[in-house]
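A quick write-up on the structure given underneath.
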Amino acid sequence: MEEKLETVKKMLEKHGQEHLLTFYDRLSQEKQNQLLDEILTTDFKQIEELYEETKEKPNFEDVKLEPIAYLEKAKLPKKQLDKLTALGEDAIRHGKLAIVTMAGGQGTRLGHPGPKGTFDLGLSSHKSIFEILCDGIKRASEKYNVTIPWYLMTSDANNDETINFFEKNNYFGYPKSAVSFFKQGKLPMLDINGKILLDENGMIMQAADGHGGIFEAMRKNGIFYQMKEQGIEWVYIGGVDNVLAKMVDPVLTGLAIDEKTLIAGKSVVKANPQEKVGVFCKKDGKPSVIEYSEISKELAEARDENGELLYGESHILCNQFNLEILEKISTNRLPYHVAFKKASYLDANGNLVKPSEPNAYKFEAFLFDAFSMVDDMSILRVKREEEFAPVKNAEGVDSPETARELYKKFHNIENL
Ligand code: UTP
């Protein structure tokens, strides 16, 4: 242990992070060991690079933006719809589709004290978001007479609670053997001077590395291998917080098969040019998503000859990947985006500081940055009222209230 401590001290000195051991003596032996291990496995060079990047101003000017082609599900000629449905249904019935739900986020905006999926949507049944999602998978499994494997990506912060919730609820009646959990990666949070923050327990403050961490997490947890063993070819990957997500959609799967694309994504029409959503586009010829903060007013408002927004295909985090491309993506590192957040931390005197203003840099990879690894992806425009009811904020837009209403309307549930 002494030797290990000396190695860690030298490492920290080299990187100007000596403060991480300030409260070392107050920790139990187990925690001391854990802290040393965490420090030893921290990539300080990467942390330094990430900190330097926080000082750079994003430059979107050199990027060539173009609208992306899409198909509108509701307007497909019957013959084409039938063809895509048949292609997709065949793959699904033969057990080639798996579902991954990304549930590693912190859900800070919602403010629910637990994993977002455990949130009670407020229906008279008191179903949690996890149960609502599971209902959809159960319906599809019955329809296609196949047990669809369901993977859930959790984070260090919510993994145990998530698994306990599934256990307590008997996996909502879905076969336990078909449900798997894996944890995403994490990265330290930094103060404005690039120093790693200590959490209330005197340990390194770590945060989940964004939904783009999914690719690496799948590889590190052996998920690709498991999926191959099961004969999976297509993987639907979606967020946990859309209670109308149609995760098993033969038209989406059929479209990718028909267009021979390795990634397919669903879009809904942007409600208005100012709506705060990312939209599908092509950046330098590659499929991509441009965030609302990155797009100029002029482009956001531009319309085609039919009066439709040129950049109007909102990305709703409902995408499907071929297993082959997932593996390829996982061997590349996606860029990290920086967010400035409020995070309680231990100061130099060991006092817990609860800041009222943002004080900490958090680094996150975004799933859609992986789209540029293919030349083309298929986009399927679906109806908002049928497939998109996000639970993001505690109240107002995209809140439990709006999601509940959309859910009830779609499922035709009255007076609940
Ligand atoms: P959001 O970007 O909405 O983040 O995630 P969030 O953590 O749920 O909520 P806020 O921003 O803190 O309020 C979209 C989806 O991606 C997942 C979330 O669980 C959600 O399903 N996600 C996000 C992860 O799985 N891991 C992450 O690190 C971030």
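Every number here is computed from the coordinates shown, using simple stated rules; none is lab data. Predicted model only: the values in this text are computed from it and were never measured. All Cβ positions, even for glycine, are placed from backbone atoms using ideal geometry, and neighbour counts span all protein chains on display.
Couple of notes before you dig in:
- Top positive-direction residue, dipole computed over region 276-416 with Cβ charges, set Asn306, Leu346, Pro400: Leu346
- On Cα atoms only, tilt of 129-144 relative to the major axis of the chain in degrees: 40
- Relative contact order (%) - region 267-353, alpha-carbon pairs under 8 angstrom, separation at least six: 25
- Dipole of region 28-173 computed with +1 at Lys/Arg Cβ and -1 at Asp/Glu Cβ about the Cα centre; of Phe44, Met153, Ile137, farthest Cα towards the positive end is Ile137.
- Using 0.36 nm per residue and subtracting the Cα-Cα separation, the extra length available between Leu352 and Asp90 on full extension is 88.6 nm.
- Antiparallel beta bridges, as assigned by DSSP with both residues in the chain, represent about 65 percent of the total such bridges.
- Computed over neighbours whose Cβ is under 10 Å from that of Asn158, the net charge equals -1, Lys and Arg +1, Asp and Glu -1.
- Computed over the chain with a Gaussian network model linking Cα atoms closer than 10 Å, the most mobile of Asp25, Asp376, Asp249 is Asp25.
- A simple packing score, the average count of other Cβ atoms within 10 Å per residue, orders the peptides 78-86, 240-248 as 240-248, 78-86, with the highest score first.
- For the chain, relative contact order (Cα pairs under 8 Å, six or more residues apart, normalised by length) works out to 22 percent.
- Between region 288-316 and region 11-27, the Cα center-to-center distance that results, in Å: 48
- Crossing angle, helix 44-54 versus the chain [Cα axis fit, 0-90 degrees, rounded to tens]: 60
- Straight-distance crosslink candidates among aspartates and glutamates, where the alpha carbon sits under 12 Å from Lys10 and sequence neighbours closer than 8 are dropped: Glu18
- Between helix 159-168 and the chain: long-axis angle, C-alpha atoms, 0 to 90°, nearest 10: 50
- Alpha-carbon centroids, region 224-243 and region 141-202: separation in whole Å: 14
- In this rough spin-label picture, where each label sits 7 Å from Cα along the Cβ direction, the Lys79-Arg109 distance is 4.4 nm.
- Per-residue packing, averaged as other Cβ atoms within 10 Å, sorts the ranges 216-224, 33-41 into the order 216-224, 33-41, beginning with the highest.
- Aspartates and glutamates with Cα under 13 Å of Lys57, excluding same-chain neighbours fewer than 8 positions away: Glu294
- For Lys354, a cut-off of 21 angstrom between C-alpha atoms picks up these lysines, skipping any fewer than 8 places away in its own chain: Lys195, Lys341, Lys342, Lys362.
- Ellipticity estimate at 222 nm from DSSP helix runs (n ≥ 4, -39,500 (n - 2.57)) divided over the chain, nearest 500: -9500 deg cm²/dmol
- Computed magnitude of the charge dipole of the chain (debye, nearest 20; Cβ of K, R +1, Cβ of D, E -1): 1020
- Segment Lys297-Asp199, length gained on full extension (0.36 nm per residue, minus Cα span): 31.2 nm
- Taking other C-beta atoms within 10 angstrom as a stand-in for reagent exposure, Phe182, Phe215 fall in the order Phe182, Phe215, fewest first.
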